[in-house]
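Heads up: the structure comes next, in structure tokens.
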Number of protein chains: 2
Amino acid sequence: MRIGELSERSGTPVPTIKYYLREGLLPRGERTGPNQASYGEGHLHRLRLVRALTDVGGLPIATTREILARVDSPDPPITHELLGHAMHVLPPATKGVATAEEEDHGRVRALFERRGWHVHPQSRAAADLAEVVATYRRAGRPLDDEALDGYAATMEQAARVDLDVIGRVTGTDEILESAVVYSVLGDTLMAVLRRLAQADESARRAGVVPGD
Amino acid sequence: MRIGELSERSGTPVPTIKYYLREGLLPRGERTGPNQASYGEGHLHRLRLVRALTDVGGLPIATTREILARVDSPDPPITHELLGHAMHVLPPATKGVATAEEEDHGRVRALFERRGWHVHPQSRAAADLAEVVATYRRAGRPLDDEALDGYAATMEQAARVDLDVIGRVTGTDEILESAVVYSVLGDTLMAVLRRLAQADESARRAGVVPGD
DNA sequence: CCGTAATGGATAGTGGAAGTATCCAAAAAG
DNA sequence: CTTTTTGGATACTTCCACTATCCATTACGG
């Protein structure tokens, strides 16, 4: 197909597709003449993936390009760590603006200890967590250990659902892509479901009989 | 205090504080002369709140202003629905770019039914959820009912932790602000904890003995 | 007391991100 | 055989979140 059909079928304007081609988010089509190229179903799939990650996942274009490059790279992730590897592909959850104090890092290490989490305390994710903990504190709403444990336990459950869902995907080369999709869109999904669950729980506690 | 100290104590550059004053995110200080004004601890608190919501919560300036305006407004939220009300103050979780089909809305209604959620299917949050469900589908990774239920159950648990934490806050006028902080920063916290829990769960399933 | 620095407030400018618009000669379509 | 579309390059636009500059005052340090 040519770019017009790609645009039609994906709902993306032609100039935007050209922009993604320039930026390397979408591979060029196969050249068939001086001003002709042909795109396949793979291009359409990739384009839909880009829109999902950027529009709903909220990823910047530059981050999306890096993630896709790693998803495409044929270097062999050891099967045994394929899923753990997929996590490395993911974008950082924070912008790294606030800086955490030793106090916050200590609380993060203690949390890992309590939950038996197998995570290197120097990892990027651990630093992100300390940053978020520090932000709660500075905003005047510190998180106590009970709350932190409660949220951690909740996310353990979410992670089990994630891995179950990803585990259902067959095809080694599809696993990495699906891990990215489920993880990135998962953040947005969690946020939306959490708002709904909050509203419901709030009504429930206010004494509104469910199903009323 | 004057603007220099406010800047010092909050870690925010003076020009940025002036920008927030212009944009109405921070109330003006009390005028004490033609070019002098004095700020109090309340201003410092508000400034830290703004930085928490924008830097770590990722909210745009305009959204932050609207939220703060509602937090400030003294119109009486009925105690019985104060927490549910707080949810209305919150920003939408999606940008409303993708459009869901009837199929997606149907799945959302069915989910509400299965979980006994007390939510109006025409609400903004329900539309957001349908949009996210549609995005998974278009990205070629549809969510089945089992996964959706699993995530919903997880977020019910998160919401219970949220309401427990918010419930510990005393002082009626503080509750709305804390509900906003916990909800907004909670999204980021969930995302970070989920990455960590995913990595741990992934290692666990790969046969790495925990605590090894 | 006096020179330097900081202040409140207004107005203008910057830099990055994500597209849009325009142009072109060469196909393609009706 | 005229009109539209195409691939590709280059230039332009819009929005956002700040920064910089300016100015007539205070405030501060020696």
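Residue pairs whose Cβ atoms lie under 8 Å apart, separated by 6 or more positions or on different chains, with the first residue in the range B:165-188 and under 18 Å from residue B:46 (Cβ atoms) and the second in a helix (DSSP H, G or I) and hydroxyl-bearing (Ser, Thr, Tyr), are B:169/B:178; B:181/A:136; B:185/A:135; B:185/A:136. State whether the residues of the range B:112-126 include one that is facing chain A (nearest Cβ under 7 Å) and exposed (fewer than 15 other Cβ atoms within 10 Å of the Cβ). The answer is yes, given that some residue of the range B:112-126 is facing chain A (nearest Cβ under 7 Å) and exposed (fewer than 15 other Cβ atoms within 10 Å of the Cβ). Scanning the range A:11-52 for residues that are touching a Lys or Arg at 6+ places or on another chain (Cβ under 6 Å) and either aromatic (Phe, Trp, Tyr) or within 18 Å of residue B:97 (Cα to Cα) (or both) yields a total of 1.
The residues of the range A:3-22 that are near DNA strand C (Cβ under 8 Å from one of its atoms) and among the charged types (D, E, K, R), listed by number, are A:18, A:22. Taken as a whole, the structure places residue A:207 among residues that are on the phi > 0 side of the Ramachandran plot and either open to solvent by 40 Å² or more (accessible area, probe 1.4 Å) or in a helix (DSSP H, G or I) (or both). Residues in the range A:1-22 that are open to solvent by 60 Å² or more (accessible area, probe 1.4 Å), closer than 19 Å to residue A:60 by Cα and part of a helix (DSSP H, G or I): A:15, A:18, A:19, A:22. Of everything in the range A:134-145 that is more than 8 Å from chain B (Cβ to nearest Cβ) and part of a helix (DSSP H, G or I), the residue that is nearest to residue B:155 (Cα to Cα) is A:145. Looking at A:9, A:28, A:48, A:22, can you tell me which residue is at pLDDT 95 or above, at the interface with another protein chain (Cβ under 10 Å from one of its Cβ atoms) and over 27 Å from residue B:193 (Cα atoms)? Criteria check complete, one pass: A:48.
The values are calculated or read from the model by the stated rules, or taken from the named source; none is laboratory data. On a predicted model such as this, the values are computed, not experimentally measured, just so you know. Note that each Cβ is placed from the backbone with ideal geometry, even for glycine, and that neighbours are counted across all protein chains shown. Calculation scope for accessible area: heavy atoms of the full protein, side chains included, ligands and nucleic acids excluded. Shrake-Rupley method; radii C 1.70, N 1.55, O 1.52, S 1.80 Å.
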